[in-house]
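See structure below.
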Amino acid sequence: MIPFDKRDGKIWYNNELIDWQNVKLHVLSHGLHYASCVFEGLRVYDGEIFKLEEHTERFFHSAKRLGMDIPYDENEINLATKKTVAAQNVQNGYIRPFAWRGSEMMAISAQHTKIHIAIAAWEWGTYFDPKLKTKGIKLNISKWKKPGPDTIPWDSKASGLYMINTLSKHEAERDGFTDSLMLDHEGNIAEATGANIFFKDSNNEFHTPIPDSFLDGITRRTVIEIARSKNMKVHERKISPSELPNFTGCFLTGTAAEVTPVSKIDKYDYKVCESILDLSSSYDNLVRKKRAA
Ligand SMILES: Cc1ncc(COP(=O)(O)O)c(C=O)c1O
């Protein structure tokens, strides 16, 4: 794989499209040392950006939660995102907008740092091995718990929140799992390291945790809408890990993960059943609706 700093094309950086390999930030950047950085992840399907406005809105929300004032408006970021995708000619790929504090101050206080914005886009396939989209992935249960909602701006997509997600993912991979299920501060089921989680019970009804200390994914909301439009029941509620043996199916949702079935959590096996595959293909149809129309 070509390292991300060695790729070609353009990155939108502080209102200009710059040659990919020349976009630099100084090592003494507040964003790097103190995690004053927020980001988004979007997908492009058949040349169209899926839910651009919703992602941009969340980008601004995340920045606001970290006290960062993005020096553009949402419309300008939407246009910049489209411009980046067009410059890179991305047809089916991923977009990463991000904002961080610069180098003017290098201490905890960062009141006078400049807020930098960049947007990069590249061709990209599935997040997990495509075979696992039908076979299902295996999750361990992380020993790291999501922080309590009064300890961190949990409803943002802030880079600092991902420290324990990367640790969890690495530990899962070391132990032969694909990803990790994280519990919340009270020990209830929260989410995977980069995706929300749903369960299916023996009555063909779905259950997903209430996002009250972790990200309420845009894909999560989309999949709930799809399921309800098909008269499938979705319960948003607290879910205890002691319920894991009672469920028959499980899947993850996320911009990167899309709808990915889960075949195992810890020692519990789940079936990749028709209704989960149906939700997965309905999601694929929705994101590519322009082509189908
Ligand atoms: C930690 C985490 N939870 C959930 C999600 C799913 O969010 P979305 O569906 O908006 O991509 C993501 C991906 O962005 C994530 O990183």
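The values are calculated or read from the model by the stated rules, or taken from the named source; none is laboratory data. Everything numeric here is computed off the predicted structure, so don't read it as measured data. Reconstructed Cβ throughout: ideal geometry from the backbone, glycine too, with neighbour counts over all protein chains shown. For the accessible areas, the whole protein counts, side chains as well, though only heavy atoms, and no ligand, DNA or RNA atoms are used. Shrake-Rupley method; radii C 1.70, N 1.55, O 1.52, S 1.80 Å.
Structural remarks
- Using alpha-carbon coordinates, inclination of helix 163-174 to the longest axis of the chain, degrees: 50
- The stretch 180-271: equivalent-ellipsoid semi-axes (sqrt of 5 x gyration tensor eigenvalues, Cα, Å): 17, 16, 13
- Length added when fully stretched, Ser242-Thr151, from 0.36 nm per residue minus Cα-Cα: 30.2 nm
- Accessible solvent surface per residue of the chain, calculated while the other protein chains remain in place, 1.4 angstrom probe, Å²: 48
- Only helices enter the 222 nm calculation for the chain: every DSSP H run of n ≥ 4 contributes -39,500 (n - 2.57), and dividing by all residues gives -8000 deg cm²/dmol, rounded to 500.
- Alpha-carbon spread of the chain, three principal axes, descending order, Å: 56, 46, 33
- Three-way shape call for the stretch 40-120 based on the alpha-carbon gyration tensor, with the a/c threshold at 1.5: prolate
- Equivalent ellipsoid dimensions for the stretch 1-77 as semi-axes, Å, which come from the Cα gyration tensor, largest first: 21, 20, 12
- The listed peptides 32-45, 111-124, ordered by packing as a protection proxy, come out as 32-45, 111-124 (highest mean of other Cβ atoms within 10 Å first).
- Using alpha-carbon coordinates, inclination of helix 218-229 to the longest axis of the chain, degrees: 40
- In this simple spin-label model, placing a label point 7 Å from the Cα along the Cα-to-Cβ direction at both Met1 and Arg228 gives a separation of 3.6 nm.
- Environment charge at Ala172 (Cβ cut-off 12 Å; Lys +1, Arg +1, Asp -1, Glu -1): 0
- Built amide H within the under 5 Å cut-off of Ile197, gap 5+: Ala192, Thr253
- Evaluating 6.51 cos²θ - 1.76 cosθ + 1.60 at θ = phi - 60° for every residue in the stretch 9-22, the Karplus couplings come out as x, 10, 10, 6, 9, 6, 6, 9, 8, 10, 4, 2, 7, 9 Hz, glycine and proline recorded as x.
- Highest mean first, the peptides 193-203, 81-91, 231-241 sorted by other C-beta atoms within 10 Å per residue fall in the order 193-203, 81-91, 231-241.
- Computed from label points 7 Å out along Cα-Cβ, the spacing between Asn15 and Val27 is 3.1 nm.
- Whole-Å semi-axes of the ellipsoid equivalent to the stretch 238-289 (Cα gyration tensor, √5λ, descending): 24, 11, 9
- Between the Cα long axis of helix 274-287 and the first principal axis of the chain there is an angle of about 30°, rounded to the nearest 10.
- Calculated from backbone phi, Karplus (6.51, -1.76, 1.60) coupling profile of the stretch 104-116 in Hz, x at Gly/Pro: 5, 9, 10, 7, 4, 5, 9, 4, 10, 7, 6, 8, 9
- Whole-Hz Karplus values for the stretch 183-191 come out as 9, 8, 4, 9, x, 7, 5, 10, 6 Hz, taken residue by residue from phi with 6.51 cos²θ - 1.76 cosθ + 1.60 and θ = phi - 60°; glycine and proline positions read x.
- Fully extending the segment from Asn285 to Trp144, taken as 0.36 nm per residue of separation minus the present Cα-Cα distance, adds 47.2 nm.
- Here the spin labels are modelled as points 7 Å beyond Cα on the Cα-Cβ line, and at Thr126 and Lys114 they lie 4.3 nm apart.
- The reciprocal of the average 1/r between distinct C-alpha atoms defines the Kirkwood hydrodynamic radius, which for the stretch 197-249 equals 11.6 Å.
- Distant-in-sequence amide H partners of Asp266 (H built 1.01 Å from N, under 5 Å): Leu139, Asn140, Ile141
- Local electrostatic count at Val234 - Lys and Arg +1, Asp and Glu -1, tallied over other residues with Cβ under 13 Å: +3
- Size check on the stretch 132-292: the Cα extents along the three principal axes, sorted descending, read 42, 33, 27 Å.
- Working ranking of peptides 46-52, 175-181, 252-258 by packing, defined as the average number of other Cβ atoms within 10 Å per residue, highest first, is 252-258, 175-181, 46-52.
- Volume of the Cα convex hull of the stretch 52-189, divided per residue and given in Å³: 154
- Given a 1.4 Å probe and the protein chains as shown, His26 ends up with an accessible area of around 110 Å².
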